[in-house]
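A short worksheet on the structure shown next.
The values are calculated or read from the model by the stated rules, or taken from the named source; none is laboratory data. The structure displayed is predicted, hence computed values, not measured ones. So basically every Cβ, Gly included, is an ideal-geometry build from the backbone, and we count neighbours across all protein chains shown.
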Amino acid sequence: MACSDDSQMYHQYSSYARCKKGRMRFFITILSALLLVGCASYSGTGLRPGEARVEDVIRVMGSPAMRWQDSDGSQQLAYPRGIHTFMVQIGSDGKMQRIENILDMKTFARIRPAMTKSQVLRILGPSEPSGTAYFKARDELVWEWRYCDEWNERARFDVLFDGSKEVVRSTQSQTESQMGLCGREGSCICGHAK
């Protein structure tokens, strides 16, 4: 869309202004469409259970961080996204059954002492690499997930493993404000509404 820069006459100036306004509307429309596509790829919004196939999920959300295949042909795909981890369940027919953010207290309650690392990964997906630490004196490996709690506050959930046996010892959860990570205001509110 080309706009003339000749503005000697009023009607030419008026045409130029309308052209510029049209370009701006076009730009805003394209930007809005791109933002909607970006949101869909984040959480899989727009993918319909029973209709979307595994190929559709990967096209919209990208390659999963982890993928499990069950003996019946069903699959589970893990998509960690910062304070969210989306688990996608694919049925043996290759169609998506459900997609859900699993970083919540209900899911954390499923983690029990003596579970293996593999079992924890299957439930929570991968932890943040920056939240992984090994404490030699205690022979303890810690995996950490950041999430938004029920009160829309940033929090962290830790799984503590026995370093030698590689099984869960315990878990703990704290808000980032309890950890002193929120600066002077003392509150770490998530950047979105739940």
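Looking at MET115, MET66, MET96 in this structure, which one is at pLDDT 95 or above and within 15 Å of the chain's Cα centre (by Cα)?
On the way: MET115 fails: within 15 Å of the chain's Cα centre (by Cα); MET96 fails: within 15 Å of the chain's Cα centre (by Cα).
On inspection, the qualifying residue turns out to be MET66.
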TODO: Tell me which of these ILE123 doesn't satisfy, since it passes every other one: (1) more than 24 Å from PHE161 (Cβ to Cβ); (2) among the β-branched types (Val, Ile, Thr); (3) modelled with pLDDT of 95 or more.
DONE: (1)
- [ ] Would you point out the residue of the stretch 159-194, among those that are outside any strand (DSSP E or B) and in contact with a Ser or Thr (Cβ under 7 Å, 6 or more places away or on another chain), that is modelled with the lowest pLDDT?
- [x] GLY186
- [ ] Mind listing just one residue for me: the one in the stretch 66-125 that is small (Gly, Ala, Ser) and without any contact (Cβ under 8 Å) to a residue 12 or more places away in the chain and, of those, surrounded by the fewest Cβ atoms within 10 Å (Cβ to Cβ)?
- [x] SER71
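Can you tell me which of THR171, THR175, THR132 is touching a residue at least 24 places away in the same chain (Cβ under 8 Å), surrounded by 12 or more Cβ atoms within 10 Å (Cβ to Cβ) and over 17 Å from LYS106 (Cβ atoms)?
Within the list THR171, THR175, THR132, the selection yields THR175.
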